[in-house]
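See structure below.
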């Protein structure tokens, strides 16, 4: 990842700040196992932020049960909160979602959020997020 972000740290500093699993997801673009994330069933009102830098990412009112096994949202808290990048890592075309403040990997967005106001499904890793209840 490049250093063109508001929050920029060395990889050693990220390793010190994050757990091994968090580092794998946020800094190495790993994916947590489906149905394993602690925020999957979170249904309280509140705000989801980047676990690496605290950037505000999603509000609880945009979260929905997509049945995919990861927390899903139909839009970010504001368009500039996330960065969308082409991802061809699995030999298919996907859109990676990164934190726009620190460049950390959050998950992917898909155009299959049927029944939502945007039609999008931001499929996020619980390990990449913190939740602050209202």
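Side notes on the structure shown:
- Shape category assigned to the range 76-134 from the gyration tensor of Cα positions, a/c cut at 1.5: oblate
- Label-to-label distance, nm, for residues given as residue 80 and residue 133 (7 Å Cα→Cβ offset): 3.3 nm
- Separation in nanometres of the label points that stand 7 Å from Cα toward Cβ, at residue 33 and residue 11: 2.6 nm
- Neighbour counts of C-beta atoms inside 10 Å place 131, 64 in the sequence 64, 131, starting with the fewest.
- Cα centroid separation, the range 98-134 to the range 1-63 (Å): 10 Å
- For residue 47 and residue 114, the difference between the fully extended length at 0.36 nm per residue and the C-alpha to C-alpha distance is 21.8 nm.
- Taking 110, 73, 58 as the candidate residues, the one with maximal mean-square fluctuation in a Gaussian network model of the chain, Cα springs under 10 Å, is 110.
- Estimated [θ] at 222 nm from DSSP helical runs (n ≥ 4, -39500 (n - 2.57)) normalised by residues in the chain, nearest 500: -3000 deg cm²/dmol
- For a paramagnetic label modelled on residue 90 (point 7 Å from Cα along Cα→Cβ), amide N atoms under 13 Å away belong, within the range 1-33, to 30-33.
- Largest mean-square fluctuation among 93, 56, 83, in a Gaussian network model of the chain whose springs join Cα atoms under 10 Å apart, belongs to 93.
Each reported figure results from applying straightforward, stated rules to the coordinates on display, with no laboratory input. Owing to the predicted nature of the structure, the values given are computational and were not obtained by experimental measurement. Methodologically, a virtual Cβ is constructed for each residue, glycine included, from the backbone with ideal geometry; neighbour enumeration extends over all protein chains shown.
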